[in-house]
Structures are given as structure tokens and as C-alpha cells.
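Working notes, beginning with the structure itself.
The values are calculated or read from the model by the stated rules, or taken from the named source; none is laboratory data. Keep in mind the model is a prediction, meaning the values are calculated, not measured. Note that each Cβ is placed from the backbone with ideal geometry, even for glycine, and that neighbours are counted across all protein chains shown.
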Amino acid sequence: MKTISKIEEILYKNACGGEAGEKNELIKSIHYNQDKLIRSIIKLYVPSGKIDCDPTYGKGNFYKNLPKPKYKFDILPTGEAEYGDSRRLPLENESIECLMFDPPFLATTGKSLRSNTDGNILNKRFGVYPSEKELHQFYIDSIKEAYRVLKDSGIYIFKCQDKVSSGKQYFSHCFIKEEAERAGFYAKDLFVLLAKNRLVADWQLKNQKHARKFHCYFWVFEKCNTTVKYV
């Protein structure tokens, strides 16, 4: 029988919501705390209590209070992560049970990309694609690859955010659901992470045309044959 360390045991309990015997807390679809949101997803949908792979690992901020994935990849790896592209993962078919995905959500070729003003803060922080077409094709290709490496009943957690770009609304979470279902996933749940504060550039205050978004989403997709017919 495999043994686990005391630290691993504590992290597993954190991921699953705390010590056994604690008063059960209703898991809600909205959260202000990202760590608690991820723990809620794991508690509901990931029997192992851990995420197996994160191809957008970055600095590992998701895993300060959670077990770290066995497979940690990033297109620009730093620290613990190895190089890996979410569209071409170095993993066998149907080899993992849970995959976390936190891709870029911005696209621009504008002058803000080269500036050091407040308007470029988000670009520097989250990364940016050259165009919306390339960004959303990246989502499609990554979804297909996730489907390949996940086992049957595997869970795909996809963090995403809607936005306004060039004066147009991009409801990316709707696009992602449609493409995930096209690939064969079932949209099992949707969690909303709310923000009490957001970075706001001066030009957004002076020329506001749409409501500033104070939320992002965590889709929970399952690799299974379940479909939903609305009519």
C-alpha cells in the first residue's frame, strides 16, 4: 500500500475541504477566494483530491495550499515547470484523471503592447495573443489535446474570462463550452470567481462603453458520453 507524508495528507484534506468530520458546508457556484473555489471543484468532482497536470503552471500560484500536479508544464517555464505546449503535451493517450488549464485571454497588436502605461498592465501580467482568431484557435487545439490525454470520466478545469476588445464583446466562456462539447466533453459545472477590485486604466474611466467585468469563470468539463438536449 502506498504511504503518504503528513504534508501530503494535510494538503489532500485542504483540497477536499478540511478535516473529516467537519461540519459540511454547502458548495456554492460563486466565490471571492480562488483557492476555496478550486478546493470546491476538487471536493465535488476529483475523487483523487489532486490535479494531475497543469500545462499553464506559471509560478504555481494555484497550488500554495493544494497538492502540486505531477506534470507541471508551461510554454515559458520558470522554477518547477518544464517546457510543454498545451496543444502538444508529452503525455500518453488517456493517461491522467484531472487537468487544470489557465490560458491567456487577451489579444492585441496595438501600441499598448509596447508601452509602459497603465493601459498595458494586463498585457504584461497575463500574456497576449496577436489576434482573437489565433487566441480562440489556441483554445480549440488545447481542448482537443486535453480530451486526448484524459481518461474516461476525466475532469478538465478551464479558467476563462470574457472581455471587450476593439469595442466588441467576446463572451469566450460560451465559445469554450461549445468547442468543449464539440470535442466530446460534457459541461458538468460552472463556477464564478468574483473580484472586489480590478485594475482600471484611465482611458477605461474616460471612455467607458461597457460594464467593467468583475468576474471570471472556471468551467468543469467531464470526458464522457453525456449530452444535454434543450429542445
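A count restricted to segment 207-225 and to residues that are in a loop (DSSP other than H, G, I, E, B) and surrounded by 10 or more Cβ atoms within 10 Å (Cβ to Cβ) stands at 6. Cβ-Cβ contacts under 8 Å between residues 6 or more apart (or on different chains), taken from a first residue in segment 163-178 that is surrounded by fewer than 18 Cβ atoms within 10 Å (Cβ to Cβ) to a second residue that is β-branched (Val, Ile, Thr), are listed as Ser165/Thr108.
Look at Lys28 and say whether it is out of contact with any Lys or Arg (no Cβ under 7 Å at 6 or more places or on another chain), over 15 Å from Leu150 (Cβ atoms), modelled with pLDDT of 95 or more and assigned to a loop (DSSP other than H, G, I, E, B). Yes: the conditions hold for Lys28. Listed conditions (1) surrounded by 17 or more Cβ atoms within 10 Å (Cβ to Cβ); (2) under 25 Å from Ala195 (Cβ atoms); (3) modelled with pLDDT under 90 are all met by Cys16, apart from (2). For segment 178-199, the set of residues classified as over 13 Å from the mean Cα position of the chain (by Cα) and farther than 21 Å from Glu97 by Cβ consists of Glu178, Glu179, Arg182, Leu194, Ala195, Lys196, Asn197, Arg198, Leu199, listed by residue number. Scanning segment 55-90 for residues that are within 13 Å of the chain's Cα centre (by Cα), within 12 Å of Val149 (Cβ to Cβ) and not in a loop (DSSP other than H, G, I, E, B) yields no hits at all. Where strands (runs of 3 or more DSSP E) sit wholly within segment 144-203, those with at least 2 residues that are touching a His at 6+ places or on another chain (Cβ under 9 Å) and more than 26 Å from Lys28 (Cβ to Cβ) occupy 168-170.
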